[in-house]
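Quick notes on the structure that follows.
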Amino acid sequence: MKSKRKLSREEYLSLFKGRERKALALAWRNRDFEIDLYWKRATYFWTFIAASFAGYVALISSESFELVREKFPQVEYVIICLGIVFSFAWLLVNLGSKKWQENWEAHIEILEDSISGPLYKTVLFKDSYSVSKLNKIVNLFVLFIWLILAVKYAKENEMVDLIIIASSIGTVITVFTMFWPFGKTQSSKKVTFSVKNVYYDHELNKQEVEEDELV
């Protein structure tokens with residue numbers, strides 16, 4: 001049994017027959033909500049990535065860098081691994097957020113025809129830039145910088161110990177699980193609900209009184 005299938009335009013419109021206006025309003029609201037979440041998530045990851053960069057720069061520019069290296073020589077590599085994980089997660093979150101934004105925009109573009117006309121689809125005849133694509137390019141550039149720093153560290157340091165191995169394996173496993181399969185949304189799911197028994201206090205008190213009378 002296939003988890004999902006493509007709908008024809010007629011099948012799609014039949015799902016919202018008589019409810020097109022309400023569906024269009026919800027699609028607009030959900031689109032705006034996704035855009036708001038997109039930038040909140042971007043800020044969230046930028047905070048972690050900026051902190052990682054700041055920590056890395058502060059470490060290598062510190063006068064006590066050699067002293068730190070003597071006590072914890074792997075700290076530089078651990079920070080780089082964190083930067084790689086955060087940057088890759090940010091990339092996948094950007095792609096996921098964009099997908100849901102495009103999902104609601106597709107609903108708007110189809111449903112608006114019979115309600116407001118092709119307003120959303122009618123745009124200025126002028127080339128422009130995509131904010132989300134530019135954000136993704138910056139994202140890839142940041143990830144590339146972290147990978148370069150990792151290669152630089154590997155060339156300058158021949159030491160391989162348990163922390164370096166564990167950090168490398170942990171980074172690879174984390175990136176792999178985010179990319180496939182655990183990081184992807186489900187195309188279908190099966191749910192089961194149960195109903196809790198809820199009583200008002202006065203009903204319980206009444207029942208207790210009746211039981212006392214019987215006794």
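Every residue, every condition in (1) surrounded by 11 or more Cβ atoms within 10 Å (Cβ to Cβ); (2) under 26 Å from Thr171 (Cβ atoms); (3) touching a helix residue (DSSP H, G or I) at 6+ places or on another chain (Cβ under 8 Å); (4) not small (Gly, Ala, Ser), yes or no:
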| residue | (1), (2), (3), (4) |
| --- | --- |
| Leu15 | no, no, no, yes |
| Arg21 | yes, no, no, yes |
| Glu34 | yes, no, yes, yes |
| Leu37 | yes, no, yes, yes |
| Gly55 | yes, yes, yes, no |
| Phe65 | yes, yes, yes, yes |
| Phe88 | yes, yes, yes, yes |
| Ile110 | yes, no, yes, yes |
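Applying the criterion of being of a type in the set (Lys, Arg) and assigned to a helix (DSSP H, G or I) to the residues of the stretch 126-142, the residue that is surrounded by the fewest Cβ atoms within 10 Å (Cβ to Cβ) is Lys133.
Conditions tested, residue by residue: (1) of a type in the set (Ser, Thr, Tyr); (2) part of a helix (DSSP H, G or I).
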site	(1), (2)
Lys121	no, no
Leu124	no, no
Lys152	no, yes
Ala166	no, yes
Gly170	no, yes
Phe182	no, no
Ser187	yes, no
Val191	no, no
Lys196	no, no
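Among the residues of the stretch 165-191, those that are closer than 19 Å to Ile79 by Cβ and of a type in the set (Gly, Ala, Ser) comprise Ala166, Ser167, Ser168, Gly170. Going by what's in this entry, would Leu59 be described as open to solvent by less than 50 Å² (accessible area, probe 1.4 Å), within 30 Å of Asp161 (Cα to Cα), assigned to a helix (DSSP H, G or I) and free of Cβ contacts under 8 Å to residues at least 40 places away in the same chain? It is true that Leu59 is open to solvent by less than 50 Å² (accessible area, probe 1.4 Å), within 30 Å of Asp161 (Cα to Cα), assigned to a helix (DSSP H, G or I) and free of Cβ contacts under 8 Å to residues at least 40 places away in the same chain. In the stretch 92-103 there is at least one residue that is under 24 Å from Arg41 (Cα atoms), part of a helix (DSSP H, G or I), without any contact (Cβ under 8 Å) to a residue 40 or more places away in the chain and of a type in the set (Asp, Glu). Among the numbered conditions (1) closer than 21 Å to Thr171 by Cα; (2) part of a helix (DSSP H, G or I); (3) open to solvent by 90 Å² or more (accessible area, probe 1.4 Å), the only one that Ala51 does not meet is (3). Scanning the stretch 66-87 for any residue that is farther than 30 Å from Lys155 by Cα, over 23 Å from the mean Cα position of the chain (by Cα) and of a type in the set (Asp, Glu) turns up nothing.
Within the stretch 190-203, residues that are more than 30 Å from Lys4 (Cβ to Cβ) and among the β-branched types (Val, Ile, Thr) reach no partner that is open to solvent by less than 100 Å² (accessible area, probe 1.4 Å) and at pLDDT 70 or above with beta carbons closer than 7 Å at six or more positions or on different chains.
Among the residues making up the stretch 148-194, those that are of a type in the set (Gly, Ala, Ser) and surrounded by 11 or more Cβ atoms within 10 Å (Cβ to Cβ) are Ala150, Ala154, Ala166, Ser167, Ser168, Gly170, Gly183.
The values are calculated or read from the model by the stated rules, or taken from the named source; none is laboratory data. Fair warning: this is a prediction, and the values are worked out from it, not measured in the lab. In this analysis, Cβ positions are derived from the backbone assuming ideal geometry, glycine residues included, and neighbour counts consider all displayed protein chains. Please note that ligands, DNA and RNA were not included when accessible areas were found on the heavy atoms of the full protein model with its side chains. Shrake-Rupley method; radii C 1.70, N 1.55, O 1.52, S 1.80 Å.
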